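Here's the structure, in structure tokens; my notes come after.
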Amino acid sequence: MTLVNVRARSGLFSHSPGAGRNAWQKVTMRIILAITGASGARYGLRLCEELLATGHTLTLLVSTAGFEVLRAEAGIDWNGEEHEVSARLREHFHAQESRLCYYAGDNLLAPVASGSSAADAMVVCPCSMGSLARIACGNSGNLLERSADVMLKEKRPLVLVPRETPLSEIHLENMLKLARMGTRIVPAMPGLYHAPQTVEQMINFVVGKVLEALGIEHSLYRPWNPQVKR
């Protein structure tokens, strides 16, 4: 079954074949966004901003290493108890409790850990090779891994944004295994055909690709058009 069929079966999106980029209808979704210890925390932060701005409800998960990368790359210290992190997140993103929540990695009683209350989609951005390997093996040792496992077993959209180079055979085999199960692999590989002038524009390109994988319309970068001079 293709990802398009899975989405249609889930009632999340409808799409007209051949309609092209951004052809998905606007539907508000409950999305899990997980940030792991791979370099590229700013991709996850920007994606969170865009998902909230487009009206979706988010559950944010951050691995232990993810907190360290956020501190090192973005100067953000969100480490703490679950209620403390939740408050800091809502303050940072100016979001209401009904729109943004956070669960600690060891909270396996969180709603997103159950298939009966599964989110509509999940994104791991950035996705470390360790997290990717454990997801590929069905290892549910923490809430992030369990949530991804729920997406797979419930046939819900799962998008992974790996940020690693070079890639070993093990990395590639794990990605192939997940891709064959319907997972969308969207590497953090910014394109250059839209002539980016800033790091933010390169981040927006990757975030735009993730939004497209979720069927969410955006205007973060200009699509390729050979008739338009850059």
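FYI, it's all coordinate maths here, none of it is from the lab. Just so you know, these numbers come straight off a predicted model, no measurement behind them. Heads up, the Cβs are rebuilt from the backbone with ideal geometry, glycines too, and the neighbour counts pull from every protein chain shown.
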Is segment 80-216 best put as rounded, prolate or oblate by its Cα gyration tensor, with a ≥ b ≥ c the root eigenvalues, rounded for a/c under 1.5, and otherwise prolate when a/b is larger than b/c, oblate when not? oblate
Here the net charge surrounding Val112, from other residues whose Cβ is less than 14 Å away from its Cβ (Lys, Arg +1; Asp, Glu -1), is -2
Starting from 0.36 nm per residue, how many nanometres of slack lie between Ser168 and Met181 once their C-alpha separation is accounted for? 2.6 nm
Which of rounded, prolate or oblate describes segment 35-75 when judged by the alpha-carbon gyration tensor and an a/c cut-off of 1.5? prolate
Which of rounded, prolate or oblate describes the chain when judged by the alpha-carbon gyration tensor and an a/c cut-off of 1.5? rounded
Can you spot the aspartates and glutamates whose alpha carbon is less than 18 Å from Lys177's alpha carbon? Ignore those fewer than 8 places along the same chain. Glu145, Asp149, Glu154, Glu164, Glu169
When the charge dipole of segment 75-230 is computed with +1 on Lys and Arg Cβ and -1 on Asp and Glu Cβ about the Cα centre, the Cα farthest towards its positive end, among Met175, Ala110, Ile135, belongs to Met175
